[in-house]
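Undergrad: Dropping a structure here in structure tokens format, bear with me for questions.
Taken together, the values in this text are just the output of simple stated rules run on the coordinates, not laboratory data. These numbers were taken from a predicted model, which means no experiment stands behind them. Cβ sites come from the backbone with ideal geometry, for glycine too, and all protein chains shown count toward neighbours.
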Amino acid sequence: MAKQIVNIGANANDGSGDAARSAFSKLNQNDSELYSQLGADANGNLPSALPVSKGGTGAQDIDTARTNLGLSSSLESTLAISKNGDLISISSSIVVNTNSSGVATVSFPKAFPNVCVVVIACVGNPDGGTLRINDPTWTPTSFQIKGSPNIGLRVNYIAQGK
């Protein structure tokens, strides 16, 4: 059905607009069509996750949404590795999932030959909450972060080592 416009008249209370019953009937019909298109059941309850067929992801979590949309299981990462003398720099952006304690391990795409000297990291998604690097856990192959429990975080980082 086409959208039904409520005629509000030329001026307030001039009697030229739709009667209240007619106006609210149009509004109810418009709402019913919208709810139907969004996948509401017979009682008008919308699904907790909008189906893909209705323009949603069909999911309430990142991994299921990506699967439903035919995307890879994790967001693509970006990577740059450079070397200046014996100092190696790795900069990357990757998505990791925190565990129930809020901890996630970020593995370097290429291990440092001897030691990781420093890691600077930030959360790339604005609603990702706070992020803390667990300093003692730096290794030549990885570092750990601590954020909110059981969420996916895009971590942007620069690591340097030798």
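Undergrad: Of all the strands (runs of 3 or more DSSP E) wholly in the range 1-118, which have at least 1 residues that are in contact (Cβ under 8 Å) with a residue 60 or more places away in the chain?
TA: 87-97
Undergrad: Has the range 2-22 got at least one residue that is of a type outside the set (Lys, Arg) and closer than 30 Å to residue 69 by Cα?
TA: yes
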